[in-house]
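> Okay, handing you the structure first.
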Amino acid sequence: MTERAFDDSMTRSFVDGVARRVGLGARFCGLFGSACEGGVRLTAVMADKEKLTTQRVLLPAGTHEFPSLARRIPSASWYERELRDLFGLEPVDHPRPDPLVFPFSDDAERPRPGTGHVRAPVEPDHTPLDIHLRGEGVFTIPYGPVRSGVFESVEYLVETPGEDIPHLRTRIFYKHRGVEARFEGMTVDDGVLLAERCEGVASVAHAIAYCGAIERMAGTEVPLRAGLLRVLHAELERVANHLDSTIRHTEGAGQAVAFARLTLHKERVQRLRAQLCGSRFGRGVVIPGGASGPPRLGSSALLDVLGSLESDLRSDMRLLLATPSFVDRLRGTGVVPADIASRYGSLGPVGRGSGQTNDVRVARPYDGYRRLGHQIFEERDAGDALARQRVRVDEIWSSFHLIRQCVDGLEELSEPERAMWSTPVEPISGEELGWSEAPQGEVLYLVELSEGRLVRVKPRSASFHNLALFPLAFPKDVLTDVAFIEASFGLSIAGVAG
Amino acid sequence: MPWIPRGMRNGIVTTRYPRHPDGYGPGFRGSVAVARDVADDVNLEPATQACPTGAIKVLEGRPDLDRGRCILCGRCTELYPQVFRFQSDFETSVIARRALVVPPDNEDRESLERARQELGGRVKSLRRSVHIRHVDAGSDGSEEWEIAALLSPVYDVQRLGVFFTASPKHADLLLVTGAGSAGMLGPLRETYDVMPVPKVVIAVGADAISGGLIGEGYATRGGIGRTLPVDVHVPGSPPSPFGILHGILVAVGLLPPADGGRSGRDAPDAGRTGNGPVIPNVRHHEAAP
Ligand code: SF4
């Protein structure tokens with residue numbers, strides 16, 4: 001019993017320590033578990049003036065609970081629910097500990113990523129999901145999981161309890177694939193292929209964050225040309241994603257011609273990516289230690305395509321943002337007030353539309369970003385769909401600017417240097433964090449290696465962090481605007497469900 | 001209205017596929033072709049080991065590559081460029097699952113022909129237009145982009161009488177993406193059940209076909225083949241919009257599958273309904289060299 005009390009106090013001081021630092025202004029980035037021989041290791045990641053720090057505690061084997069942080073740090077809520085599902089650890093005093101990434105039945109074995117076990121197939125158990133759906137005068141309107149267009153599967157439940165403000169619940173488990181367990185035992189080289197498939201529309205950003213962790217661990221310097229090529233592909237990925245989100249806005253606002261124009265431009269971006277590397281999603285470009293090889297399109301051909309694409313986009317975007325029926329549809333829709341965005345540490349364009357400034361490319365520059373000049377954006381803090389749209393448009397122009405710098409940089413590198421695209425990564429052991437700024441915001445990877453084999457990989461997409469904030473974005477327009485606000489959040493469910 | 005003239009610019013960008021060949025530049029990774037004859041002294045074992053999805057098997061020195069598993073990573077093409085080669089060909093959809101294994105087995109012709117006739121007979125009642133419902137059963141999100149691209153003016157599938165529908169009750173074709181996540185199997189099955197007959201299922205991407213790199217785990221079922229009867233397989237990770245369009249046209253019998261032979265509508269007992277969209281000048285596709 002005394003031992004138990006000791007463990008509890010360790011955990012408590014861990015939790016208090018995290019809460020204290022967040023209280024002093026650190027941004028809470030996530031809380032992750034890793035099963036190991038002694039139990040489950042919890043790692044809290046925080047950004048202190050955008051420098052990442054971690055705090056850890058070991059929950060010894062046989063521990064079934066830990067004190068919840070969610071009442072003090074609201075953005076911890078989803079991470080704790082995920083820990084509950086994956087490790088069977090109960091967050092004590094969590095405001096609403098429903099299943100999140102998968103509704104395991106009581107007797108199902110939890111996956112406990114990090115153990116490397118072979119796990120038996122599981123079925124979703126709907127019982128624990130439904131217990132909250134009751135009460136006087138409550139009715140629930142479900143959207144999903146099969147959506148009414150070509151979308152990823154997710155379910156939004158709008159609960160309308162009498163006169164109260166409707167409450168929105170998000171169910172992501174339909175898509176849970178057990179990706180974290182899949183990483184276990186893979187080689188470092190195979191791991192990057194899986195990282196590209198965690199959130200397929202942000203393949204490049206995920207590959208960069210994953211490789212960054214390994215390169216940091218191994219002390220590997222990525223050749224400059226590889227760093228620039230990574231940025232080039234990451235920025236094309238950003239343009240494609242921001243166009244995708246804009247396309248969904250135009251669709252929701254009934255702007256048929258704008259929809260057609262922008263889908264055309266997005267397709268041009270995807271084809272350019274395929275011309276550069278063979279994959280429309282930039283897959284295979286980023287490898288541990290560098291990049292797989294030179295771009296297959298010469299720089300003058302690339303600049304030609306970029307030039308005509310940008311001028312068409314500028315003209316269409318200018319018109320779109322001057323089209324009253326479009327702008328009016330976005331203005332005042334899905335407002336995330338700045339104080340909520342700040343409290344939740346919201347990421348990417350969602351945060352930047354609400355006055356947050358975290359951008360990993362600037363705060364913790366990596367790869368080619370260390371060498372490139374950044375543009376300073378006009379601050380947007382209206383917090384509505386229009387602000388997020390404007391942020392994305394600004395970012396598209398800055399992406400073009402960065403891409404041109406990459407092309408110039410690659411051109412300048414002399415011939416003999418050109419031959420080297422990657423530095424070998426020795427088989428190593430250790431644990432490190434990696435990061436990148438995906439189109440959706442900050443991506444984090446916690447990677448643990450043992451002699452070159454992956455023991456534990458925890459990807460954290462910006463979508464996961466931001467989706468927790470989603471219900472707060474529309475107390476008033478919840479009934480009509482789910483799909484529209486979803487588009488303006490620009491999330492990918494694959495990266496959320498794991 | 002300043003948007004109107006811009007809309008009119010779109011017409012010229014639309015592909016003329018499948019009447020006329022279309023595609024990407026030579027660099028595009030559409031599929032891996034496998035040489036039929038390999039010199040006796042070449043040991044292909046390292047390729048089977050390097051393949052992250054176990055797509056390559058070597059039997060008596062001869063390689064087999066399962067496109068249903070291949071994620072187009074390029075390891076085999078790098079190790080043995082004389083045996084494995086990327087080609088930009090995207091017309092890789094097949095009807096029978098085993099026809100995804102290349103090089104094709106000529107012994108199998110007859111049974112592939114039967115599968116084609118069966119599907120051709122089933123879809124002959126499809127009217128001038130085809131209605132499609134998509135369900136994501138655990139994709140990585142990229143397949144949805146590629147399907148959605150079909151609605152852009154570049155592909156403009158409406159010109160071919162292909163429409164997307166929100167209601168499964170009005171759908172003829174079910175496009176399924178994803179490795180078969182446990183949570184989606186129920187909703188997927190329910191969608192399939194309410195579709196009217198004839199219903200045709202298209203597995204879009206290596207994940208839907210075999211689980212791809214995600215494979216079979218506690219929460220995935222190695223594709224959707226154990227949940228639904230799959231009629232057409234579209235390989236790729238993800239398949240390109242053209243690849244998906246090829247799969248749709250194979251499903252309705254307008255184009256032949258990648259394993260050669262004739263399209264379903266040309267099958268002797270399938271017949272033409274006279275109502276279906278007729279696309280002349282269809283290019284007959286040769287199987288991988
Ligand atoms: S290209 Fe396909 S077959 Fe070749 S190694 Fe990669 S996954 Fe395997």
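> Search the structure for amide H atoms under 5 Å from the amide H of B:Val101, placed 1.01 Å from N in the peptide plane, and list their residues when 5 or more places away or on another chain.
Long-range HN contacts for B:Val101: B:Arg67.
> If you average 1/r over all unlike Cα pairs in the protein assembly as shown and invert the result, what Kirkwood radius do you get in angstrom?
Over the protein assembly as shown, the inverse of the mean reciprocal pair distance is 26.8 Å.
> For the pair B:Arg98 and A:His117, what calculated FRET efficiency results from E = 1/(1 + (r/R0)^6), where r is the Cβ-Cβ distance and R0 = 35 Å, to the nearest 0.05?
Calculated value: 0.60.
> Amide H neighbours of A:Arg456 under 5 Å, at least 5 residues apart or on other chains, H built in the peptide plane: list them.
Those lying under 5 Å, H to H, from A:Arg456 are A:Glu448.
> Oh, and also: Just the Cα atoms of the range B:31-87: what Rg and Dmax do they give in Å?
Computed over the Cα atoms of the range B:31-87, radius of gyration and Dmax are 10.0, 28 Å.
> Ranked by accessible surface with a 1.4 Å probe, highest first, in what order do B:Asp22, A:Asp328 come?
Listed by decreasing accessible area, they come as A:Asp328, B:Asp22.
> Got a sec? Which residues of the range A:140-159 lose 50 Å² or more of accessible surface with every protein chain in place, vs. that chain alone, 1.4 Å probe?
Buried on complex formation: A:Val146, A:Val150.
> If you don't mind, another one. Place +1 on the Cβ of every Lys and Arg and -1 on the Cβ of every Asp and Glu in the range B:1-157, take the dipole about the Cα centre, and give the residue among B:Tyr80, B:Pro153, B:Val32 whose Cα lies farthest towards its positive end.
So the residue furthest toward the plus end is B:Pro153.
> Which whole-Hz ³J(HN,Hα) couplings does the range A:457-463 yield from phi under the Karplus relation 6.51 cos²θ - 1.76 cosθ + 1.60, θ = phi - 60°, glycine and proline marked x?
Whole-Hz 3J(HN,Hα) from phi for the range A:457-463: 10, 10, x, 10, 7, 4, 4.
> Just want to confirm a number: the relative contact order over the range A:187-466, from Cα pairs under 8 angstrom separated by 6+ residues, in percent.
Once divided by the residue count of the range A:187-466, the mean separation gives 30 percent.
> With the other protein chains left in place, how much accessible area per residue, in square angstrom, belongs to the protein assembly as shown at a 1.4 angstrom probe?
37
> Let me ask something else. Report the accessible surface area buried between chains A and B, summing both sides, using a 1.4 Å probe on protein heavy atoms only, in Å² rounded to the nearest 100.
5000
> Given a Förster distance of 41 angstrom, what is the FRET efficiency for A:Thr54 paired with A:Glu411, based on the Cβ-Cβ distance and rounded to 0.05?
That gives a FRET efficiency of 0.55.
> Please report the base-10 log of the normalised intensity I(q)/I(0) for chain B, using a Debye sum with one equal scatterer per alpha carbon and no solvent, at each q in 0.07, 0.11, 0.13, 0.16 (1/Å).
Normalising to I(0) and taking log10 leaves -0.26, -0.63, -0.88, -1.29.
> Could I ask something else about it? Express the Stokes-Einstein translational diffusion coefficient of the range B:1-130 in µm² s⁻¹, to the nearest whole number, given a Kirkwood radius over alpha-carbon pairs, 37 °C and a viscosity of 0.692 mPa s.
184
> Would you mind estimating how fast the range A:139-230 diffuses translationally, via Stokes-Einstein at 37 °C and 0.692 mPa s with the Kirkwood radius over Cα pairs, in µm²/s?
199
> Once the convex hull of the alpha carbons of the range B:56-199 is built, what does its volume come to per residue, in cubic angstrom?
Spelled out: Cα convex hull of the range B:56-199, divided by residues, is 153 Å³.
> Strictly over 26 Å apart at the Cα level, which of A:Lys175/B:Lys199; B:Lys124/B:Lys169; B:Lys57/B:Lys199; A:Lys266/B:Lys199 would you flag in this model?
Over 26 Å Cα-Cα: B:Lys57/B:Lys199; A:Lys266/B:Lys199.
> Would you please give the FRET efficiency between A:Val362 and A:Ser311, computed as 1/(1 + (r/R0)^6) with r the Cβ-Cβ distance and R0 = 30 Å, to the nearest 0.05?
For R0 = 30 Å, the calculated efficiency reads 0.65.
> Work out, in µm²/s and without decimals, the Stokes-Einstein translational diffusion coefficient of the range A:187-466 at 25 °C, 0.890 mPa s, Rh from Kirkwood over C-alpha pairs.
So the translational diffusion coefficient is about 128 µm²/s.
> In the protein assembly as shown, carbon and sulfur make up what percent of the accessible area (probe 1.4 Å)?
That share works out to 52 percent.
The values are calculated or read from the model by the stated rules, or taken from the named source; none is laboratory data. All figures in this text were calculated on a predicted structure; none of them were measured in a lab. Virtual Cβ from ideal backbone geometry, glycine too; neighbours counted across all protein chains shown. With ligands, DNA and RNA removed, areas are computed over all heavy atoms of the protein, side chains included. Shrake-Rupley method; radii C 1.70, N 1.55, O 1.52, S 1.80 Å.
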